[in-house]
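J.: Would you mind keeping the following structure in view while I ask a few things?
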Amino acid sequence: MTTSDRPGDRLAAFGNQLIEVHLQLREDLDRIRENLDSHLDGGERPRMLWAHCMTFCSALTRHHTGEDGGAFPVLAERFPELRPVIEQLEHDHQMVTGILSRVEELLGGLAPRADLSEAADGTEAADGTGAVDARAVREELDGLSAILETHFRYEEKKIVEALNSLDVPEWKGSPPAFLLTEDD
């Protein structure tokens, strides 16, 4: 990217930044799913699964909360024709919140254990709940992935152009929450 000396120019348009955030969220979710798959296929449990999932859930929640409280009101005000689109996106956010709650609940039951499916001595958990819990987490992540892919594509198709046309001075010095990733 290059910078411009013209007043009002941005390094990257907000819609393009949104796409970059979506790409990062997709990659993070794919990495978590791959690690969980590896474990379910008999590989070693990724020791940081709980932390990675919670970090991802937090980043996704911050992104959606930032859209609901920041980007969407600005878009609705400046582009009233986008209000039905914004309502659909907000509805999607509610569905995603429900899935994230279930993932966090499942992970909460797994977090204290040394492994997803092994007892402290390295043998299979007596009640077998580790593997079941890991599969339940995987099922929730599969549902989340499907919803997010549809949601992200719809959002990118419907609002990126409008976001790219925005000039919001207060967003320039301090990026809004919907444009932050877990690394920010």
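The values are calculated or read from the model by the stated rules, or taken from the named source; none is laboratory data. Owing to the predicted nature of the structure, the values given are computational and were not obtained by experimental measurement. Note: ideal-geometry Cβ built from the backbone for every residue, glycine included; neighbour counts use all protein chains shown. The protein model used for the area step is the full one, side chains on, heavy atoms only, and it has no ligands, DNA or RNA in it. Shrake-Rupley method; radii C 1.70, N 1.55, O 1.52, S 1.80 Å.
J.: Would you kindly state how much longer the chain becomes between Asn164 and Glu149 on full extension, computed as 0.36 nm times their sequence separation minus their alpha carbon distance, in nm to one decimal?
T.: 3.3 nm
J.: Can you compute the FRET efficiency between Leu23 and Arg135 using 1/(1 + (r/R0)^6), with r the Cβ-Cβ distance and R0 = 25 Å? Round to the nearest 0.05.
T.: Between Leu23 and Arg135 the formula returns 0.35.
J.: Using heavy-atom solvent-accessible surface (probe 1.4 Å) with all chains present, what is the largest-first order of Asp37, Asp92?
T.: Details: Asp37 50, Asp92 15 Å².
So the residues, ranked largest to smallest area, are Asp37, Asp92.
J.: Separate question: Which FRET efficiency, nearest 0.05, do Val74 and Ser38 yield, Cβ-Cβ r, R0 41 Å?
T.: Approximately 0.45, to the nearest 0.05.
J.: I've got another one for you. Give me the accessible area of Thr55, 1.4 Å probe, in Å² rounded to the nearest 10.
T.: Solvent-accessible area, nearest 10 Å²: 60 Å².
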